[in-house]
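Peer 1: Next up is a structure, given as structure tokens.
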Amino acid sequence: DAYLAAIEAANDQLNAYVAVTPEIARKQAAASDERLAKGEGGALEGIPLGIKDLFGTEGVHTQACSHILDGFKPRYESTVTANLFADGAVMLGKLNMDEFAMGSSNETSYYGPVTNPWRRKGDNKALVPGGSSGGSAASVAAHLCAGATATDTGGSIRQPAAFTGTVGVKPTYGRCSRWGVVAFASSLDQAGPITRDVRDAAIMLKSMASVDAKDTTSADIPVPDYEASIGQSVKGMKIGIPKEYRVEGMPQEIEDLWHQGVEWLRDAGAEIVDITLPHTKYALPAYYIVAPAEASSNLARYDGVRYGLREEGKNIIEMYEKTRAAGFGPEVKRRVMIGTYVLSAGYYDAYYLRAQKVRTLIKRDFETVFHEGVDAILTPATPSAAFGVADQDMAADPVKMYLNDIFTVTVNMAGLPGIAVPAGLDGQGLPLGLQLIGKPFDEETLFRTGHIIE
Ligand code: GLN
């Protein structure tokens, strides 16, 4: 009830929730109370969560914040949300996000932008919470839920976490089932938690993760007790600092924060080593070929017949065209066009195939450093703090917006786990985050190391 009241009071201003589900929340909470009274129950009994609108929730608003999914309520529950509810979690509602998770500022949502609960010192201008999981990050930061589900295809968990002073985990590809989650770029998409601290993230990921026969890319690798990693020593651990992440134009404050992170880990007994990930500079351009290619294919299903919106036409082709023209926003259309182009005959080898080869090289860069004994890699999470809503530079040049993903996309391209941890404030009082990147299926090291930094 306290969370529902907080949503009621703050959501008009923040726009973090696109649907609130008090009946479901109260019903789940009552069932949870009953289980607890009988001495039963799971790890998340009665914990109120917000669910990103990308997760299919049975009978409940699931529109990926797109107009094309107007009125869509699935008849199924995603595996991740089913896992959370099986452990006793309570759903408060569905959270705002960039349309189909395409964006870095939550401004491509059909439901309008989310406002970051943080403000610059002495300046009341609205800032973005990051994206695409902007509603998830803002709602956790503003205490409108105790934790939120999110997804990360190129940074959508870690960048909004960094912009809102929250913790975000993008698990290893395959850790969480993608079943029932609206697909953006299937070879990159992963679900993960956004929470207020590293311990909460560890507890929540444990519930979310599972092998699932309905997603053949989900991994049959036991999910450890992540919470047990919290408080464990990092003595003797080798932390790599990749020189390629020292990008041109990076603000001094981010550089200083990174240095501070190094000092904290060194003081805690970790060994700091300089490493090289030589193909880093190709990650962003390769991502912006692979992700739109997969998106254009995944979004072909929205045809006015199977889901949501339909705009009538004289014949079926005209109906498709009108539906897709009216249903998709400009960023989604841009991705579909890029994706269709790079997959077309004659261009496939030059763009898509080449990007896949670059992806292999990026993956090998990481394999080499982990093979040489590095346990985790420390980088900044983002190249800046949160920027203003309707930033003129970003609006004029979509590539500027894409640059926000510069530190996060490599992790998705290589399928690795990454965590963003709040590490300090900039000169204007805004939160900044550091990122830790781990070996495949070694989220434990990230929780252990992240807890030292937070
Ligand atoms: N900002 C990136 C994009 O727009 C990543 C989005 C995401 O991780 N879902 O593609």
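Peer 1: Between M401, M413, which is more than 27 Å from M204 (Cβ to Cβ) and within 16 Å of the ligand (Cβ to nearest atom)?
Peer 2: M401
Peer 1: Of the conditions (1) within 16 Å of the ligand (Cβ to nearest atom); (2) in contact with a helix residue (DSSP H, G or I) (Cβ under 7 Å, 6 or more places away or on another chain); (3) within 27 Å of A293 (Cβ to Cβ), S177 satisfies every one except a single condition; which number is it?
Peer 2: (1)
Peer 1: Could you list, in sequence order, the residues of the range 125-168 that are under 18 Å from P383 (Cβ atoms), within 13 Å of the ligand (Cβ to nearest atom) and among the β-branched types (V, I, T)?
Peer 2: If the condition is that a residue be under 18 Å from P383 (Cβ atoms), within 13 Å of the ligand (Cβ to nearest atom) and among the β-branched types (V, I, T), then V128, I157 are the ones that fit.
Peer 1: Turning to a different aspect of this structure: Just one of E34, E107, E40 is out of contact with any helix residue (DSSP H, G or I) (no Cβ under 7 Å at 6 or more places or on another chain) and within 16 Å of the ligand (Cβ to nearest atom); which is it?
Peer 2: E107
Peer 1: Evaluate the following for F407: is it surrounded by 16 or more Cβ atoms within 10 Å (Cβ to Cβ), in a loop (DSSP other than H, G, I, E, B) and touching a residue at least 40 places away in the same chain (Cβ under 8 Å)?
Peer 2: Numbers: surrounded by 16 or more Cβ atoms within 10 Å (Cβ to Cβ): yes; in a loop (DSSP other than H, G, I, E, B): yes; touching a residue at least 40 places away in the same chain (Cβ under 8 Å): yes.
Judged against the criteria, F407 is a match.
Peer 1: What number of residues in the range 309-350 are acidic (D, E) and within 16 Å of the ligand (Cβ to nearest atom)?
Peer 2: Of the range 309-350, the ones acidic (D, E) are 311-312, 318, 321, 331, 349.
From what's left, within 16 Å of the ligand (Cβ to nearest atom): 331.
Residues meeting the conditions: 1.
Peer 1: Determine whether R364 is within 27 Å of D98 (Cα to Cα) and part of a helix (DSSP H, G or I).
Peer 2: no
Peer 1: Moving to a separate point now. Run down Y402, Y351, Y347 and say which single residue is part of a helix (DSSP H, G or I) and either under 17 Å from the mean Cα position of the chain (by Cα) or modelled with pLDDT under 95 (or both).
Peer 2: Y402
Peer 1: Quick check: is even one residue across the range 140-150 surrounded by fewer than 24 Cβ atoms within 10 Å (Cβ to Cβ) and without any contact (Cβ under 8 Å) to a residue 40 or more places away in the chain?
Peer 2: no
Peer 1: Got a sec? Which of A300, A291, A283 is under 30 Å from K73 (Cβ atoms), within 16 Å of the ligand (Cβ to nearest atom) and within 25 Å of the chain's Cα centre (by Cα)? Walk me through how you get there before you give the answer.
Peer 2: On the way: A300 fails: within 16 Å of the ligand (Cβ to nearest atom); A283 fails: under 30 Å from K73 (Cβ atoms).
Residue meeting the stated conditions: A291.
Peer 1: Output the residue which, of all residues in the range 58-104 that are part of a strand (DSSP E or B) and on the phi < 0 side of the Ramachandran plot, is nearest to the ligand (Cβ to nearest atom).
Peer 2: L95
The values are calculated or read from the model by the stated rules, or taken from the named source; none is laboratory data. From a predicted model like this one, the values you see are computed outputs, not experimental measurements. Ideal geometry is used to build each Cβ from the backbone, glycine not excepted, and the neighbour counts take in all protein chains shown.
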